[in-house]
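Engineer: Got a structure for you, written out below as structure tokens; questions coming shortly.
Coordinate-derived values only; no laboratory data. All values derive from a computational prediction rather than experimental measurement. Here the Cβ positions follow ideal geometry from the backbone for every residue, glycine too, while neighbour counts run over all protein chains shown.
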Amino acid sequence: MNFKLQNLRLSRLNEQKSFSFTSFFSLQELIVLVKRLFIQLKRRPITLISGILQPLLWLILFGALFQKAPFAVSNLENNYLQFFYPGILVFTAFAGSLNSSLPLIFDREFGFLNRLLVAPLNSRFSILFSSAFFISVLSFIQVFFIMLFGILLGIQLPSLESLLVSFFFLFLLIIGITTFSILLALLLPTHIELIAVIFVLNLPLLFSSTALAPLDFMPSWLQIISCLNPLTYTIEPIRFLYSNSTWLFSSSLFNLPLFSINIGQSLIILIVFDLIGFILFKKILKSIFI
């Protein structure tokens, strides 16, 4: 009898260890939640189409508008389209990530999120990971079409290694912006307020980055804002990778008053940005639903 009780205790202990190992992440939960988002995309493909058309319009219109910009002053190397193109890639990923919380807030308004939160999930981080994975796939599909169109416009693609590093920078930005977007969906009462905040943040974050102009072309106060903008630390490395065949993680991107920023430091800044988002997501989720 004691032997059976001991085996029962050991089996329960093993179950607890197994649960603690998978408590942060569950592949089955992720697959189910991501599949649901792709079903919604299949029913409403306008999300994918508009995410491709808007950056294309920006690329065509702004590329033509600033094609004759004073290159000697702005140091654009006589090709504004080549300069602007990495900013469009980042803007494509950024816009999709910023809008990633809209399905979640509609789920909350219709009551589906409450059912999801009371479900026996191993981790509520699955909600965040599923949205981040879905937006990553969607954004990279959109970026792929932008890249194809850029080739037609004469944009030169970097090497495969540089391209993979560029995708990794885009992925880090998508994770961070998606996290903060979902936080807004959890904190704001309805989708009306969320859409208003998205409209307020969208263009100012773009214009305060180095997507349209280099850092030394901006006034000093805008340079300070641009250095606090995570888009800048995604655009500048990708722009450098596109314009330089050889690079190192120690390659300098731009200069600040006290020091310069290189590719490796930009990578660290984006990782810290993502970690801050994860910590805030965990705290806010506990304070609201626990």
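Engineer: Relative to the longest principal axis of the C-alpha atoms of the chain, give the angle of the C-alpha long axis of helix 46-65, reported between 0 and 90° and rounded to the nearest 10°.
Structural biologist: 20 degrees
Engineer: Now, a different point. Could you give the nm distance between label points at Arg115 and Leu53, where each point is 7 Å from its Cα heading toward the beta carbon?
Structural biologist: 3.3 nm
Engineer: Kindly state, to the nearest 0.05, the FRET efficiency for Ile279 paired with Asn79, given R0 = 35 Å and r defined as their beta-carbon distance.
Structural biologist: The value I calculate is 0.25.
Engineer: Okay, next question. With axes computed from alpha carbons, what is the tilt in degrees of helix 125-152 against the longest principal axis of the chain, rounded to the nearest 10 within 0 to 90?
Structural biologist: For 125-152 against the chain, the angle is about 30 degrees.
Engineer: So what is the diffusion coefficient of region 85-154 in µm² per second by Stokes-Einstein at 37 °C and 0.692 mPa s, using a Kirkwood Rh over Cα pairs?
Structural biologist: 237 µm²/s
Engineer: Using only the Cα atoms of region 164-290, build the gyration tensor, take square roots of its eigenvalues as a ≥ b ≥ c, and label the shape rounded, prolate or oblate: rounded if a/c is under 1.5, else prolate if a/b is larger than b/c, else oblate.
Structural biologist: Because a/c hits 1.5 or more and a/b exceeds b/c, region 164-290 counts as prolate.
Engineer: Then there is this: Could you check the simple spin-label distance between Leu248 and Gln67, using points 7 Å along Cα→Cβ, in nm with one decimal?
Structural biologist: The answer from the label model is 3.9 nm.
Engineer: So how many Lys-Lys pairs in the chain land under 25 Å Cα to Cα, not counting same-chain pairs under 8 apart?
Structural biologist: 5
Engineer: May I pose another question? Please state, to two decimals, what the Cα-based radius of gyration of region 27-289 comes to when divided by 2.2 N^0.38 Å (N = residues).
Structural biologist: 1.04
Engineer: Additional query: For region 189-290, state which chymotrypsin sites (Phe, Trp or Tyr not before Pro) are in a DSSP loop and have at most 10 other beta carbons lying within 10 Å of their beta carbon.
Structural biologist: Sparse-neighbourhood loop chymotrypsin sites (Phe, Trp or Tyr not before Pro): Phe259.
Engineer: Using a simple spin-label model with points 7 Å from Cα along the Cα→Cβ vector, what separation in nm is obtained for Asn255 and Leu157?
Structural biologist: 3.6 nm
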